[in-house]
Amino acid sequence: MKRSRQILGDTAGEGFPLTAAVMISLMFIFLAVIQYARLMITAAGIRDAMQESVLSAVNDNYADVYHAVREGYAAGCQPYGGGFVESYQYGDIYGKMDSILGLQEDGEYHISRTAGGEVEYRIRNLQVEVRNGGASSFEITATVDLEVPMRYITRLLPDMKIIVRTKAAYTPKF
């Protein structure tokens, strides 16, 4: 403790290396926090765009749901003969996400690129589950794999891979 006071209190310049080390350490921590924030913002943007796309698919099925509600059954069904048959569309979730996020299709991936042409993030493996809930609701659940290349200073690290999930439902009021 006495030595650290002496280093910090000395005016001969002995505290400069310690100050530089502390500043560099703080810079590394700050860069890690910024990288984490970038990843979370990217994941939130993907989730929001996918939610908007799934809501659009639910709304595209509204007409079929309306027919069923009139008959007391709130789901994606059409009257057929003396009963009902399931009638719903998955919609173009990838297409809507591509237009919202400005993605380019590249094989199994839908990729967002920076202005410099580097990959910002990529999504793949969209899975859509439609659940005709009978009198309770009509639900669509979608999941997609998100991969974000990670960089720390100048090093390229393994990609962050997460599954982004969203769900939308139509529930009748009456």
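The values are calculated or read from the model by the stated rules, or taken from the named source; none is laboratory data. Quantities reported herein were computed from a predicted structural model and do not represent experimental measurements. All accessible areas refer to the heavy atoms of the entire protein, side chains included, with ligands and DNA or RNA removed. Shrake-Rupley method; radii C 1.70, N 1.55, O 1.52, S 1.80 Å.
Observations, loosely collected:
- The single condition from (1) modelled with pLDDT of 85 or more; (2) open to solvent by less than 80 Å² (accessible area, probe 1.4 Å) that Asp60 fails is (1).
- The set of residues in region 128-160 being at pLDDT below 80 and assigned to a strand (DSSP E or B) consists of Val130, Arg131, Asn132, Phe138, Glu139, Arg151, Tyr152, Arg155, Leu156, Leu157.
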